[in-house]
Amino acid sequence: MSKLKDQFTLMAILLIPIGVAINLLGGTLAKQLQMWIFLDSIGTFLVAMLAGPVIGLITGGLSVVLLSIQDPTLLPWAILATAMGLVVGLLAQQGFFTRWGGIVAGIVIVVAASVLVSVLMSIYLYGGFTTSGISIFTGILHDNMGLPLGLSVTISHVLGETVDKVISILVPVFVIRALSKRTLLKFPLGEIYVNARTRGTSDAGA
Amino acid sequence: MSATETIRSGNRVRDLNPATQVLGCLVLAVVALLFGLVSMAAVVVVCFVLAAAAGRFVAFVSTWAKTVLVLSLVIVALQTMFIPGEEVWWEWGPLSATGEGFRRGTLFASRIMGAATPLVLLVQLVDLRRLVLEMERRGISPKVTYVFVATVNIIPQMRDRMGVIMDAQRARGVETDANWWVRIKAFFPTIGPLIISSIVGVEEKAITLEARGFTATGPRTSLYSIQDTGVDRVLRVGAWVLLAVVVVGRVVLWLR
């Protein structure tokens with residue numbers, strides 16, 4: 001249990017509101033710039049990468065709870081957001097986001113997990129269709145191409161999720177690269193990135 | 001306690017203890033889910049009445065219509081169109097409305113409506129400051145309530161900062177309103193500096209909080225107080241009893 005307590009430093013706790021705000025603003029900005037992806041988990045991923053799975057999980061959950069104040073039909077997606085924070089945090093603890101190979105593997109795992117959870121939720125809670133634009137695509141696949149509902153929902157989600165998660169993981173990765181060692185070391189997982197950087201200086205100059 | 005000030009709005013429903021409001025709305029949501037369309041309709045009516053009693057009818061209806069109602073209608077429409085079935089009502093190009101789809105759609109939509117309507121009501125009833133006070137009174141750590149309040153407060157601040165960054169980037173030639181690809185490219189120079197400056201600012205916040213005794217242990221005092229009246233207690237007991245009755249009733253109905 002001492003490991004769990006280590007994650008709850010004051011710096012980590014203060015990171016949660018910022019992560020939530022980044023999530024909401026990323027989502028707003030994506031809407032404002034009329035991009036068709038959500039980009040509303042950048043903050044969760046960043047916090048999970050810096051402070052570990054538990055803080056990441058809380059950030060994801062709280063973001064959705066706050067969004068639900070305006071639209072309570074979103075509340076069930078808190079399950080997805082907490083799962084995402086947890087997965088990214090666990091990967092970060094293992095040092096996945098310090099090398100390019102690890103980042104690619106991390107993206108694959110995160111997309112797979114998010115498709116799994118969101119497909120299950122779409123089908124069992126909302127019956128396969130929601131208000132998001134991707135639902136039309138689900139409908140076309142299901143009705144016109146004769147694919148079973150589960151498969152149609154999966155295909156349409158894989159497309160949406162891949163683009164969304166690639167960006168949502170790469171932004172925090174580059175942000176962490178831009179942070180100074182001094183700042184990084186204040187966060188629970190900061191040491192992982194600093195160590196990777198020190199190792200990398202000899203050959204890559206990162 | 002005499003030095004503290006009780007937060008009141010003057011409306012009896014909104015001045016109930018936040019714990020009572022939260023429990024009441026959750027019980028309503030459970031009731032709505034347990035007995036199908038009839039209980040869903042009853043709960044929605046109860047929510048409308050409570051919203052009117054709280055003097056928040058207009059705000060409640062407008063939020064409700066924009067979110068819950070829209071999603072429910074979309075679900076019914078899409079299910080009707082896309083779920084194949086024997087009982088075809090009419091066809092229009094590739095689309096065909098079926099009775100099976102319509103029934104499936106109303107089933108999902110009524111679940112969503114039943115669970116979400118009490119939540120819309122809850123948001124209209126609860127005052128964040130009172131909710132936080134009640135949470136602390138019930139022994140929830142101030143760290144938890146701080147995260148809650150700080151999040152709500154930080155969003156407008158960061159939105160302002162995002163506006164400043166966008167203006168600055170536009171001033172140095174980053175386009176934010178052209179075709180799709182240009183807009184995607186504008187996303188990164190906006191979100192990047194926003195994130196980095198916020199993270200660097202975390203340390204300052206930590207020092208400020210430490211200087212004000214945030215991590216100090218021991219009892220705390222608050223400038224404001226909150227009331228837990230006899231009416232609140234009676235209502236909460238009533239809510240628990242109602243919950244027990246409907247759950248037992250549902251189980252009995254299943255077993256028969």
### Message
Every residue in segment B:88-123 that is assigned to a helix (DSSP H, G or I), open to solvent by less than 30 Å² (accessible area, probe 1.4 Å) and more than 10 Å from every other protein chain (Cβ to nearest Cβ), please.
### Response
B:Gly99, B:Ser110, B:Gly114
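Every residue, every condition in (1) more than 15 Å from A:Lys165 (Cα to Cα); (2) in contact with a helix residue (DSSP H, G or I) (Cβ under 8 Å, 6 or more places away or on another chain); (3) surrounded by fewer than 24 Cβ atoms within 10 Å (Cβ to Cβ), yes or no:
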position: A:Leu10; (1), (2), (3): yes, yes, yes
position: A:Val20; (1), (2), (3): yes, yes, no
position: A:Gly26; (1), (2), (3): no, yes, no
position: A:Gly43; (1), (2), (3): no, yes, no
position: A:Ala51; (1), (2), (3): yes, yes, no
position: A:Ser63; (1), (2), (3): yes, yes, no
position: A:Asp71; (1), (2), (3): yes, yes, yes
position: A:Gly89; (1), (2), (3): no, yes, no
### Message
For B:Arg220, only one of the following conditions fails: (1) more than 7 Å from every other protein chain (Cβ to nearest Cβ); (2) basic (Lys, Arg); (3) part of a helix (DSSP H, G or I). What is its number?
### Response
(3)
### Task
Tell me, yes or no, whether segment B:10-17 has at least one residue that is open to solvent by less than 20 Å² (accessible area, probe 1.4 Å) and either assigned to a loop (DSSP other than H, G, I, E, B) or small (Gly, Ala, Ser) (or both).
yes
### Task
Tell me which of these A:Val163 doesn't satisfy, since it passes every other one: (1) modelled with pLDDT of 70 or more; (2) more than 20 Å from A:Pro53 (Cα to Cα); (3) open to solvent by 70 Å² or more (accessible area, probe 1.4 Å); (4) within 14 Å of another protein chain (Cβ to nearest Cβ).
(3)
## Note on the structure
When restricted to B:Glu175, B:Glu86, B:Glu134, the only residue closer than 30 Å to A:Pro72 by Cβ and among the acidic types (Asp, Glu) is B:Glu134
### Conditions (1) more than 10 Å from chain A (Cβ to nearest Cβ); (2) surrounded by fewer than 16 Cβ atoms within 10 Å (Cβ to Cβ); (3) within 19 Å of the chain's Cα centre (by Cα): number failed by B:Ala53
(3)
#### Entry: Residues of segment B:152-196 classified as assigned to a helix (DSSP H, G or I) and facing chain A (nearest Cβ under 10 Å), total
26
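Here is a yes/no grid of residues against (1) part of a loop (DSSP other than H, G, I, E, B); (2) charged (D, E, K, R); (3) open to solvent by less than 80 Å² (accessible area, probe 1.4 Å):
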site: B:Arg233; (1), (2), (3): no, yes, no
site: B:Arg236; (1), (2), (3): no, yes, yes
site: B:Trp240; (1), (2), (3): no, no, no
site: B:Ala244; (1), (2), (3): no, no, yes
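The values are calculated or read from the model by the stated rules, or taken from the named source; none is laboratory data. Predicted, not measured: the structure shown is a model, and the values here were computed from it. Reconstructed Cβ throughout: ideal geometry from the backbone, glycine too, with neighbour counts over all protein chains shown. Ligands, DNA and RNA are stripped out before the accessible areas are found, and what is left, the full protein with its side chains, is counted by its heavy atoms. Shrake-Rupley method; radii C 1.70, N 1.55, O 1.52, S 1.80 Å.
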